[in-house]
């Protein structure tokens, strides 16, 4: 029988995962000081997939499903996110805006199943859209309309990846993420060669220092392997209602880390926008669980 609350050890593990996922946006920005974005994203998936595919059995998913997931999460979510983070959006705001994937996932699920949109979902969406509108009204040199659009598209790609993963029927996400990486790395590296060019790739690899490679490892080992392994382990031991709401803390870690490490300012409008988006996310994620006895 599952406990109604998380024991201290498991609570700390859950917080460790969301801390890694939240601070990941700052780590990406540090790595982008030397590596071109598409190359950086490609290296992330190379190290997440290798040598893992030789150590972990292929999940019970079709090659077509794995390829769709790899393309949506790799070239879609992370490719667009890395491009935006290079110079088009502040990491803290990116960690917040990309959470619109929750609403895209709900929308895609409703569209595919024909389920009626419920009142609390409209309310949650309205709050989140209002928060994004506040951000759009304060675009500047650190957060441009292009950067905002790229991160929203990254959230849409993430939602598409969520739907593909759900359709696979796989419960253990770690092998799925590792094998899906086989289809993420090649298009990212090919796009890097075509769009960024060999000179930029060579210069990036030559200039990469210890902090750059630590950022790549944080992405692959920390964000992907550690994050999904521990999250999956927690979900196997506890009800999803106890674990999944913890992910709402990701933007808090993201914005806090960006303010502390990179000096990203937190003016009143940004805090207000975050409050609107986070309230919308909380309603969308938690309200159905609050209604259950």
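The values are calculated or read from the model by the stated rules, or taken from the named source; none is laboratory data. Note that this is a predicted model, so its numbers are computed, not measured. Ideal geometry is used to build each Cβ from the backbone, glycine not excepted, and the neighbour counts take in all protein chains shown.
Per-structure values
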quantity: Leading residue by the ranking (modelled with the lowest pLDDT) among those in region 53-71 that are over 18 Å from residue 161 (Cβ atoms) and part of a helix (DSSP H, G or I); calculated: 55
quantity: Index of the failed condition, residue 206 passing every other in (1) crowded, with 19+ Cβ neighbours inside 10 Å; (2) modelled with pLDDT of 95 or more; calculated: (1)
quantity: Count - residues of region 206-232 that are in contact (Cβ under 8 Å) with a residue 60 or more places away in the chain, farther than 16 Å from residue 45 by Cα and in a helix (DSSP H, G or I); calculated: 5
quantity: Region 140-151, subset without any contact (Cβ under 8 Å) to a residue 40 or more places away in the chain and surrounded by fewer than 16 Cβ atoms within 10 Å (Cβ to Cβ), residue nearest to residue 288 (Cα to Cα); calculated: 145
quantity: Subset of region 233-245 [crowded, with 19+ Cβ neighbours inside 10 Å and either free of Cβ contacts under 8 Å to residues at least 40 places away in the same chain or within 24 Å of residue 77 (Cα to Cα) (or both)]; calculated: 243
quantity: Filter result (modelled with pLDDT of 85 or more and more than 18 Å from the chain's Cα centre (by Cα)) within region 112-130; calculated: 119, 120, 121, 122, 123, 124, 125, 126, 127, 129, 130
quantity: Residue that is surrounded by the most Cβ atoms within 10 Å (Cβ to Cβ), among those in region 16-37 that are assigned to a helix (DSSP H, G or I) and more than 16 Å from the chain's Cα centre (by Cα); calculated: 31
